[in-house]
1. Please verify whether the range A:156-174 includes one or more residues that are surrounded by fewer than 17 Cβ atoms within 10 Å (Cβ to Cβ) and more than 25 Å from A:Trp288 (Cβ to Cβ).
2. Could you please find all residues in the range A:416-429 being of a type outside the set (A, V, I, L, M), touching a residue at least 24 places away in the same chain (Cβ under 8 Å) and surrounded by fewer than 23 Cβ atoms within 10 Å (Cβ to Cβ)?
3. How many residues, within the range B:161-182, are within 14 Å of chain A (Cβ to nearest Cβ) and either in contact (Cβ under 8 Å) with a residue 60 or more places away in the chain or assigned to a loop (DSSP other than H, G, I, E, B) (or both)?
4. Is it fair to say B:Leu283 is over 15 Å from the mean Cα position of the chain (by Cα), closer than 24 Å to B:Pro143 by Cβ, crowded, with 20+ Cβ neighbours inside 10 Å and assigned by TED's automatic domain parsing to the domain that holds B:Met310?
5. Report yes if A:Ile310 is surrounded by fewer than 19 Cβ atoms within 10 Å (Cβ to Cβ) and in contact (Cβ under 8 Å) with a residue 40 or more places away in the chain, otherwise no.
6. Can you tell me how many residues within the range A:352-378 are polar (S, T, N, Q), assigned to a helix (DSSP H, G or I) and in contact (Cβ under 8 Å) with a residue 40 or more places away in the chain?
7. For the subset of the range B:65-87 comprising residues that are more than 13 Å from chain A (Cβ to nearest Cβ) and of a type outside the set (Phe, Trp, Tyr), which member is surrounded by the most Cβ atoms within 10 Å (Cβ to Cβ)?
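The values are calculated or read from the model by the stated rules, or taken from the named source; none is laboratory data. The structure presented is a predicted model; accordingly, all values stated were derived computationally and were not measured. Cβ placement follows ideal geometry from the backbone for every residue including glycine, while neighbour counts extend to all protein chains displayed.
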Amino acid sequence: MPGPHDGGIRSAGHGITRRAFVAGAAMLPVAAAGCGNDQGGGSPGAIRMTWWGNEDRAKITQQALDLFQTKHSDITVEREYTGSFDDYWDRIATQTAGGNSPDVIQMSTSYIVEYGDRGALLDLAPHLDQAIPTTDLAKGSLDPYRTGSGVFGIPWVGNVWTLIYNEKVLQDAGIDPPGDDLQAWTWESFEALAQQLGDATPDDVHGILDFGGQSTTFEVWVRQQGKALFTEDRRLGFEQADLAAFWGLADRMRRSGASTPPDVTSAAGDTLEQNPMAKNQTGLIFYWSNQIVGLTEVGGGPEQVPLQLIRVPGESPTPSQNVHASQLLSASAKTKNPEACATLIDFLLNDPEAGAILGSNRGTPLNEKVAESIKGTVEPVETQEIDFIAAQSDTFAPAPAPYPVGGGEITDGIFLRVYEELMYGRSSIDQAAASFFEQAEQVLARGGK
Amino acid sequence: MIIDDTEWAGRGPAGPVARLAGRLTPRPNPSRPSRGQQENAAGYLFLLPWFAGLLLITLIPLGASLYLSFTDYSILQPPGWIGLENYRRMFFDDPRLLKSLAVTVIYVVVSVPLSLIFALVLALVLDSGLRGLTFYRAVYYLPSLLGSSVAIAILWRQVFGADGLLNGLLGVVGIQGPAWITDPDYSLSTLIVLHIWSFGSPMIIFLAGLRQIPTELYEAARVDGAGTWSRLFRITIPLLTPVIFFNLVLQMIGAFQSFTGAFIVSGGSGGPADSTLFYSLYLYERAFTNFDMGYASAMAWVLLLIIAAMTGLNFLVGRKWVFYGDQ
C-alpha cells in the first residue's frame, strides 16, 4: 500500500482533501434549503385554508374558494382537507405543534376552547364589524364565543342534533313515522318504534344505529332533565345514575335487535360512506341535521335514500335541542396575513354567492340573510334542513356553552371507548358508568391533558 | 529535493557528519500538518455530514425528548417542569397504558416466533435446489417491502372487513366469518397475520445463513447414515443459531415499535375497545390528540428501556443456545 512517502499519493491526497471540502461546502446550502417550514405559502397574499368533510363537501368548498379568488385577485387560497373529523384534529394538532398551522381553520365547539385558551388562534375581535360585519348573524349566536381573552372563532353554520329517519326502510317495513306531537313522542314510544322496525325488517337492516357511543345523544338526554354535560367550573354536570340509565336503554335496544350489532356500529365510524343509513340498512339514526344532505348524496340521491328530519324523543316538558354552531371559522395566531384571513372569513360568512355554492352541506348558514337567499337555489334536501330548523325553532332550547379544555377528549374519546367495552360485553353498565366518571374526572382535573 | 524528514531525522550515521547532515536537512515544520494529520482531517471532513445528521436528527432530539419527559407540554404552550409526575402517572394512574403494553407484548410474543418459523421453513424449502429459485425468492421477498406501508394496511382493512374478501371466500364454502377487523377478539390476529405475511426479509437472511453451512458436514452425515430430519436438527439448525438469534433480536425490536398497521387497520383509534392499541399508537394519541407531549415523551423513554432490557435478556439467554462455529 502506498505510504506517505509516495509523492503521487501525497499530492492526490492533497487534491482530494480540497475537492472534498469544496463538495461539502457546496452541499450545505442545498441541505439548508431542504429543511425549514412552509409558512403561509411563501408569497404575500397567499393563505391556506383547511376543513374536514368528504369529497362532496370538498368539491363545493373548492368552488367557493375559486369564486373568492376571482373576486380578490390579490389573494390566493391553498386548500387542505381531511375526510374524518378525528383525523382532522390530529392533523391540526401536529401542524400547530410544528408551527405550520393553516391560516384559516374550520373550527368546532369541541375544540375552540382548547386551541383558543392555549394561544393558537388569532383574536378576531379587532376585525369584527370592520373587515367582518356580524350584524346579520342569528341573534345570540356569537355571544358564547366572546371570551375574556378574545373572540377566537366566529360561528359560521348551525345545525341541530336530531333524529333522521329513512322513508324507504319505514315504508318497506310497513311502519308509520312518528307524528309532530312532542308530548306523545317519548323515549318509550321511541324504543317501541325502533323495536318494531328491528322486527319487521330483514336481518341486515336494523331499527336504529346504536347510539350508546354518541355523547351528543347523551347530552340531549341529560339536558332534558335540566342538567348539562359540563358545568361552568369545568366539572361533569350529571350523575352516574343518569349515564347508567342512558346506557341501560342503549344496551337493552342492542340486545333486542332494535339497534345495530357491534360490528356494524364500529364499521360505521365517523365517515358517511360507511354509514348504514346511506345504504338503507337502518330506519333511524341520531345525527346532525346537516348530515341529511351528506348521507343522501353518498347514498346516490333522494330517490335512493329518502330521508326526513324529526325531533328527538322526550322533548316535552324540557326541550334540549338547540341550534348548535356546528362550525366556526378561526384563524391561526401565527398567520402572516391576518387581513387576508379576515377577508376570506367575511366572504365565507356573509357573501350570498358563497352561501349559494356552499348550500347547507355544513349546516344552516347562521347569517340569516344568506340562509333566506339560498333557499331557492339549493337542493330540496338542503331546503328540508333549513325549513326544519325554522319550523322548530320556537321550541328549541338555548345553546350550551362550548366545552371546556379536555371536553373534546371526553366526548369523542372516552365516552365512545367506554361504551365499546360495554357493547362488546366486556363490562357491565354500572362498571362502565363508573369507569367513564373516573376517566373523565381525571381529564378535567388535569386541566384537560 | 524534499525528503520526508519526520522519519529520517536522527537516523543514519552518528557523529558530526550526521549532525551536519541533520542541520542541512529541512526540519519538520510544526505549523504545517503532517501527512498523517492531513489524512485524518480529510477523514473528519467526510464524516462531518453524517455527524451533523447524527447530532441534529438523533442526539439533540433525543436530549430534548428526555427533557420533555419531565415536563408538562401541551405543544401549543411552552413546557413546564413537573419532575417525575409523568412516570408516576404511567405506572400508577393509567390503565390504558398497561393495556397497551399487554397488547404489544402479546403481539410480539406471538408474531415474532411465528414469522421466524415461517421464514426458516421457506428458506429451507427454497434452498433445496428448486428450479426458478430466483423468481420465488423475489416473490416471497416482495411482501416484506410493502408490509409496513400504509397502502397494504388499507388493503388489509378491506380484506378482513366484515364484507371483505376473506369473508367472501369463506362464504363460498358456507362459513359465516366474523367481522375480523371490528371484533375485539379477532382484530389483533389480523395484525399478527400482517406481520407474518412480511416474512421475506428474515427469509433472505436465513437463505444467506444456509449457504454458509459447509456442505462437507452434510456429506459426512450422509455417509454416516443420517436421515433428512437428523441432518436438519443436528447440523442445519445448530449452525444457523447465530442467524436465528440475529433475526430474533431485530424482529423483536421492530415489533415492539410497530405502528402503521395498527393505526390504519383500527382507523387511528386502537379499537375496537382498545384491542389493537399498540404502545406506539397510544403514545401517538397522547401526544397529538390529547396535547400531552410530555407524557408521550416519558412513554417513549420507557419503551426504550423496555427494548434495551429485552435485548439484554436476549443476549444473556443467547449465550446458552447460540452456537458460533469457532467455539
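1. So far as the range A:156-174 goes, yes, one or more of its residues are surrounded by fewer than 17 Cβ atoms within 10 Å (Cβ to Cβ) and more than 25 Å from A:Trp288 (Cβ to Cβ).
2. Step one: list which residues in the range A:416-429 are of a type outside the set (A, V, I, L, M), which gives A:417, A:419-421, A:424-428.
Still in the running and touching a residue at least 24 places away in the same chain (Cβ under 8 Å): A:419-420, A:424.
Matches in the range A:416-429: A:Tyr424 only.
3. 11
4. no
5. yes
6. Summing the residues that are polar (S, T, N, Q), assigned to a helix (DSSP H, G or I) and in contact (Cβ under 8 Å) with a residue 40 or more places away in the chain in the range A:352-378 gives 0.
7. Applying the filter and picking the extreme gives B:Ser69.
For every residue, the table says whether it meets (1) surrounded by fewer than 20 Cβ atoms within 10 Å (Cβ to Cβ); (2) farther than 14 Å from A:Val312 by Cα.
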| position | (1), (2) |
| --- | --- |
| A:Gly179 | yes, no |
| A:Gln183 | yes, no |
| A:Ala194 | no, no |
| A:Leu197 | no, yes |
| A:Asp204 | yes, yes |
| A:Ala228 | yes, yes |
